[in-house]
Amino acid sequence: MSDFEPALITVIAAEFVGATHSSCYFHFTQAVYRAIQRVGLSTSYNNDNDIKHSCRKLMALALLPEPIIEDSVFYLQKEKADESDNDSKKQKKINDKSHNIFNINSNNILNDNSSNIVNDNTTSIHALSYTEPLCDTPSNINESSSLSTTITTSDNKKRTYQKWYSKEYTWLVYEPNKGGFCCICRDYWKPTVPFYSEMNTRTRSVFTTQPFVNWKNAPGPSGTLQKHQESAYHRTALQSLLFRQTEGSVAQQLFNASELERQENRQRFSDLLDGAYFLFKHELPHTTLYEPLLEVLTKIDHSKKLSTFFDKCKKNGSYDSTATVTELLEATSEVIDKQILTKIRESRIISIMADEGTDINHHQNLSICIRYCNQDTGEPTESFISLLKIKNKDAQTIFDTIVKELKSKNIDMTKVRFTGFDGASVFSGQFNGVSAKFRQMYSNSILFIHCRAHVLQLSLLSACEDIIEVQESLLTLKSLFYFINRSSIRLTRFNDIQMLLKHPQLKLIQPGDTRWLSYFRSVNAVIRCYEPLMITLEHIVHERGEESPYASGLLSILKDQSTTFILHSLEPILEALSILSKSIQTKNGDFNQLEKSMLGTLL
């Protein structure tokens, strides 16, 4: 055989499993395929599965017995004619010699010693029929006979499956070459289901594992389909189906329960995060107060959801440890930092503000802030960026630290238009200051903005230095603060005297040269607690201790009328300047508001 012949054998075997070939039939099929090539259908044959399937059947016709081909053609012609006639009868008259047209029985098999078309052991195939399942009452229906044929022996008439059966009985499923099944009963009745043996015995498995083909007794109110629908076995299967549709599968129920539990856990964890955020926002020690706070929240939670949540948690996953609250702090910081940086990157221009200082541990720190325009609201916004330790306070170190930090956060340095620092030479130096280095590195158009609050404070100090009496009065306030507050005994005595006089418990404020509001607060505190303060100093003088001379000097200065006059004169002036300083420092301030504040201060 040529290379084409083995391929053709494979094709035919795929369509008719039990068929064999002989030389004459085979050459016919070979001629068919060559004709396909000749008329130009090779491409369609290779690419279109429908055309390939039809051609295979055409080639396979040569392997079928002649009676089977004739009966099949006759049946198809008759079926088509009957379907086109709307008034034709439902029962069709078939040629007497047609017998289960599409059945291939052992009598029809070509059995030749030299070449067999179909294997001898091929079993009979029942007629094609679409039907509904039978009722489970064996006394009324002979289900065993319904499996064998669709032709009655009395009137030689056959009723076939009709499509309206499945429309009226939605559970009916028709399978070609087999018969009708009940999709509900077939899915439900399994050997593991209770009463399966009883159902199998009484119904002989019709509609479940055995097809129903006796279509003559199928329709009608007393027909097999209606009886099956009303049977106890069908109703049991239907109730099971409805229950499964309502409740869902076991996997779906487990998934739903797991999803509900997951949502509940997320809500409880959100409560824990709210408690932790309360500590973060109010700058409370989170590592020591987190667990006590959760205990309070659990007690006041009358829904008992938090307590239930903690009871379900494992010991190593209760989320009430210091490690948990620390992770929450870091996560919160990352989220806030990401939001702020996103807004800064969206802004077209930015202003850099920075200041350095030394903390209580004598570490040199540099704080960096950025002022930008919020693209959503159009308002100027100031945001804290970083607090960094620096080794030196020189301009180059500060400049390099600022640039490195902002670049690490993907902030475009070409957007910098302003730099805002205090008046220290390391920042404001015209040639080597930090602001000058920004102009040299990026753009000469970058403007240096000296902190207006610092300028106001420096102006106040300069004015005080020009008047000796005012300068001496302010120095007296500094000495008084150190004398009272540096000794716990003297401070306690001062507080006790305020309590005896039923005076508000006030504290002395240290006036500072660079603290914008300190002068007003210091003068105001001395004036408000003048009487308890004088009694405290007199008491220390009468003790005649080591500190008595110092207390006597402070007492004499405060009793002086000029000092009292200066303090009372400075209070309204410093108060007005304090209000102006606050208006300068407001985040949402603008030039229009600043002009009004300055005019109000001058008037």
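Among the listed pairs 338/582; 393/437; 338/391; 338/407, a Cα-Cα separation exceeding 19 Å is found for 338/582; 338/391. Can you tell me how region 474-603 classifies by the Cα gyration tensor, rounded, prolate or oblate, using a/c under 1.5 as the rounded cut? Since a/c reaches 1.5 and a/b is larger than b/c, the shape of region 474-603 is classed as prolate. Nearest 0.05, what FRET efficiency do residue 303 and residue 415 give at R0 = 56 Å with Cβ-Cβ as r? So the FRET efficiency works out to roughly 0.65. The modelled label-to-label distance between residue 503 and residue 195, using points 7 Å beyond Cα along the C-beta direction, is 9.8 nm. The distance between label points at residue 595 and residue 51 comes to 8.5 nm (points 7 Å beyond Cα on the Cα→Cβ vector).
In loop segments of region 509-603 as defined by DSSP, the trypsin sites (Lys or Arg not before Pro) with at most 11 further C-beta atoms inside 10 Å of their C-beta are 544, 587. If the chain linking residue 407 and residue 375 were pulled fully straight, counting 0.36 nm for each residue of separation and taking away their Cα-Cα distance, it would gain 9.4 nm. Inter-part distance, region 169-248 to region 523-588, computed on C-alpha centroids, equals 102 Å.
Available extension along the chain between residue 42 and residue 575 is 181.8 nm, counting 0.36 nm per residue and deducting the alpha carbon span. Convex hull volume of the Cα atoms of region 251-330, normalised per residue: 103 Å³.
Quick one: if the Förster radius is 45 Å, what FRET efficiency do residue 387 and residue 543 give, using the C-beta to C-beta distance and rounding to 0.05? The value I calculate is 0.45.
With no solvent and one point on each alpha carbon, what is the Debye value of log10 I(q)/I(0) for region 450-533 at q = 0.11, 0.17, 0.21, 0.24 Å⁻¹? Evaluating at q = 0.11, 0.17, 0.21, 0.24 Å⁻¹ gives log10 I(q)/I(0) of -0.35, -0.73, -0.97, -1.14. The simple spin-label model puts a point 7 Å past each Cα toward its Cβ; for residue 360 and residue 170 those points are separated by 7.7 nm. Projecting the Cα atoms of 279, 293, 308 onto the charge dipole of region 269-308 (Cβ charges, centred on the Cα centre) puts 308 farthest toward the positive pole.
Here, each number is a calculation from the coordinates, and none is a lab measurement. Nothing here was measured: the structure is a model prediction, and the numbers come from that model. Here Cβ is always computed from backbone atoms with ideal geometry, including for glycine, and neighbour counts include all displayed protein chains.
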